[in-house]
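Data first, discussion second: the structure below is written as structure tokens.
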Amino acid sequence: MGRWAMRSRWNARKAVRAGTDSALDVLHPLLVLGRGAHRLAGWGLAWWTRTPRERRGPTLFAVAACGVLLWLLPYGPMLMGLGLLGTTAWYGRQSAAGPDGSRAAPTAVERARLQALYEALVPYFALEGDPHPEPLYAYDGGWERAFEEFVFRDGRISGLLLRYPPSFRDGELAARLRVERLLAAKTGRGREYRFCWDEECNLLEMTALEPLPTRIHAQPFVTAPGETVLGFTDGCEIHRTVPVHFLGEPAPRDVPPVMWRTGPRSTEQHLLAVGTPGSGTSSLLRSLALQALGRGEVLIVDGDGGGEFASFAARHGVLGVETTLPGALTALEWAARETERRLLSAGRARQRGENVPEDVRRPLWVLVDRPAALTHLARTEGRTDPQELLRMPLRHGRAAGVTVAVAEQFEGAEELGDAVLTFTRARVVLGAVSPEQVGGVLGEAPQTGPPPGVPPGRGFARLGHGPVLRLQVPATPDPQDETAGEAERNAVRELLPEPVRGPGPGPAPAQDRGGSGQSADVQLPAPPAGRAT
């Protein structure tokens, strides 16, 4: 995918350049005259500004008198027009880009930067004992033959298209990553870069990317049925945009989303999110829950037991929030039976030629945070692994309208079962991780290096066999987390459904976020056969 995208951008760039050159050739006289007229007008305005007031009147009278004399002379108007045309062409003969109208030549400082970058690449691209009389990369060579295009911004290289020798092992991930790290270090730290390798043409394109927006809070997103917003990315791979409100801005802005599609026609029905501590995997699950509650029902299992989802308990559409091993086993057993019931009900309805019942068409979301902790507890107590209970919803969830989203940290990723790893084709990686770690989860290393400072919710996403996309999850903190911003917490509170029952006359008991015995569980009894709770 990356190679074809690189070739398409390269071919598009050549086509645009050829069309631009042809248009410039045709319109060159008009461009010269327009540039000269602009410069003469600027010169006249500057002269008028610096001329004293008492001298402006006599000067204008003298100019008008000369114009009248030229008008009365034979061929005077024609000579005056030719003189003005020649003067305009003379002042517009050179553009600001250079004498030939092309791109301005690099300055001495820019040439020094390009040469330094070229010399740093020599040990990676030079071939020992190269028989070629003029190798592309040599210790005494110059950058002119190796660098096809370059762009400077604020004194630093922000874009580069270089050619590398065919002997370079561009098919090996380790070799490519070494070159990418070198380019990112030599062109300026503190930025994120996109690298596109074209193995067929031996070209490498590097582009400095703008940082992804981090001031997007939880809000109702404009989506179609079956669509869920995982986060937001740049417009390099995604051409669709949705209106989004930013913190502190009254008017919305259009931002390209990473859209995850679920339903009977989806090929990525289930999701796995892996991240580092504090990277925002729980915030991603909260964002998914808030979006799912608008069209379906949600069952939440908090394996960490820290009360991150206590605000969802006892609300309309939330079937349960389980934080203990017994509660998680009961909830996941019910989810497996509910998946089986939905399959049987849908099959019978189709056999009779009837529509699928409404309770089967209504989406059911099963969100599991930190299942590795529950697996460890179950193994210690000799009980059923909760991840095995997810096998039925994972395998048959697409036909039954059940979607499973699992979030885990890298420390517990080895405890993930085969069912979770096999059926979760939508993948997300969050946090400051290496490209090798990202490739191990997504199946393909990203084309962009890790950002210098990773904010919460920042990472990469890949849906099925699609491209690896940069991702910024909308800020969806726990409303009870006092360390989060008040505006972000209020945005989450406004999206939460109404409580099932109003608060009692007494004060509500404080939530125990340390797992000392208090629980925010809403126990669900097992549904009777053929009925959903």
Next item on the list: Determine which single condition THR51 fails, assuming it passes every other condition in (1) farther than 30 Å from GLU149 by Cα; (2) open to solvent by less than 80 Å² (accessible area, probe 1.4 Å); (3) modelled with pLDDT of 80 or more; (4) in contact with a helix residue (DSSP H, G or I) (Cβ under 8 Å, 6 or more places away or on another chain).
Entry: (3)
Checklist line | Residue count, region 244-259 (criterion: of a type outside the set (Phe, Trp, Tyr) and either open to solvent by less than 50 Å² (accessible area, probe 1.4 Å) or outside any loop (DSSP other than H, G, I, E, B) (or both)) | finding: 9
Margin query: Here is a list: THR233, THR323, THR262, THR241. Which entry is under 19 Å from the mean Cα position of the chain (by Cα) and surrounded by 18 or more Cβ atoms within 10 Å (Cβ to Cβ)?
Written below: THR233
Checklist line | Lone unmet requirement of (1) assigned to a loop (DSSP other than H, G, I, E, B); (2) surrounded by fewer than 21 Cβ atoms within 10 Å (Cβ to Cβ) for GLN269 | finding: (2)
Note to self: Checking ARG176 against (1) open to solvent by less than 40 Å² (accessible area, probe 1.4 Å); (2) farther than 27 Å from PRO474 by Cβ: exactly one of these is not met. Which one?
What the structure shows: (1)
Notebook entry, point to check: GLY307: open to solvent by 10 Å² or more (accessible area, probe 1.4 Å) and either within 23 Å of PHE410 (Cα to Cα) or at pLDDT 95 or above (or both), yes or no?
Noted result: yes
Notebook entry, point to check: Identify, please: which residue in region 419-443 is more than 15 Å from LEU272 (Cβ to Cβ) and assigned to a loop (DSSP other than H, G, I, E, B) and is, among those, least open to solvent (accessible area, probe 1.4 Å)?
Noted result: SER434
Check: Restricting attention to region 366-393, which residues are in a helix (DSSP H, G or I), among the β-branched types (Val, Ile, Thr) and more than 11 Å from GLY417 (Cα to Cα)?
Finding: THR380
Notebook entry, point to check: If you scan region 466-492, which residues turn out to be under 30 Å from ARG194 (Cα atoms) and either without any contact (Cβ under 8 Å) to a residue 40 or more places away in the chain or among the hydrophobic types (A, V, I, L, M, F, W, C) (or both)?
Noted result: VAL468, LEU469, LEU471, VAL473, ALA475
Check: Of the residues in region 101-125, how many are within 30 Å of ALA174 (Cβ to Cβ) and open to solvent by 40 Å² or more (accessible area, probe 1.4 Å)?
Finding: 6
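The values are calculated or read from the model by the stated rules, or taken from the named source; none is laboratory data. Computed from a predicted structure; not experimentally measured. Don't worry about glycine lacking a Cβ; one is built from the backbone with ideal geometry, like all the others, and counts go over all protein chains shown. Note: accessible area is taken over every heavy atom of the protein model, side chains too, but ligands, DNA and RNA are not part of it. Shrake-Rupley method; radii C 1.70, N 1.55, O 1.52, S 1.80 Å.
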